[in-house]
1. In the list Val68, Val35, Val48, which residue meets the criterion of being out of contact with any helix residue (DSSP H, G or I) (no Cβ under 7 Å at 6 or more places or on another chain), surrounded by 15 or more Cβ atoms within 10 Å (Cβ to Cβ) and under 23 Å from Ile123 (Cβ atoms)?
2. Name the pairs whose Cβ atoms lie under 9 Å apart, with the first residue in the stretch 83-98 and part of a strand (DSSP E or B), the second of a type in the set (Lys, Arg), and 6 or more positions between them or separate chains?
3. Go through the residues of the stretch 32-39 one by one and say whether even a single one is at pLDDT 95 or above and charged (D, E, K, R).
4. Name every residue in the stretch 61-82 that is in contact (Cβ under 8 Å) with a residue 24 or more places away in the chain and either touching a Pro at 6+ places or on another chain (Cβ under 8 Å) or not in a loop (DSSP other than H, G, I, E, B) (or both), in order of residue number.
5. Condition test on Asp135, is it of a type outside the set (Phe, Trp, Tyr) and without any contact (Cβ under 8 Å) to a residue 40 or more places away in the chain?
Amino acid sequence: MKHLILTVLTLAAFSTFAEIYEDYEPSEQHVQLTVVAVEPNYLDDYLVKLKRTWVRGMEIQKKLGYIVDFSVYTSDSASNPNVWLTITYENMAAMQPNKEKYKAVNKEWIAMYGDEDDEIDEISKGYEEIRKMIDHQIINKVNFK
């Protein structure tokens, strides 16, 4: 028993503690993660509608340089949740909304897709029938040194 205690104390004395910016550092980029549970047999329908709404908006924001990237992930084996949406921002400041960005995105949307407000509203309202928002997080990657 004495040897076990001595060994533990010796290891504790020689072990080091991780320190931020020496052993690891958080990435400057931040990811907005949304977790969604889509009702069974509606995944394909949801993804097609998502492409007409959310994906188009993300493509415009990426084109304008407001976001770094975006992704949609699905799982065939998960029952719920089964969809994960990510938006990668250059840094936390890039996540802040402002009037100029809003106007620029709307202007680009109309230039690319026309004025589809009624159709987009109808699609968006239909989401509530087939999906439930489970979680929303702001996460960032840890880079180990």
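The values are calculated or read from the model by the stated rules, or taken from the named source; none is laboratory data. From a predicted model like this one, the values you see are computed outputs, not experimental measurements. Here Cβ is always computed from backbone atoms with ideal geometry, including for glycine, and neighbour counts include all displayed protein chains.
1. On inspection, the qualifying residue turns out to be Val35.
2. Val83/Arg131
3. No, the stretch 32-39 has no match at all.
4. The answer is Gln61, Lys63, Val72, Thr74, Ser79.
5. Taking the combined requirement at face value, the residue does not satisfy it.
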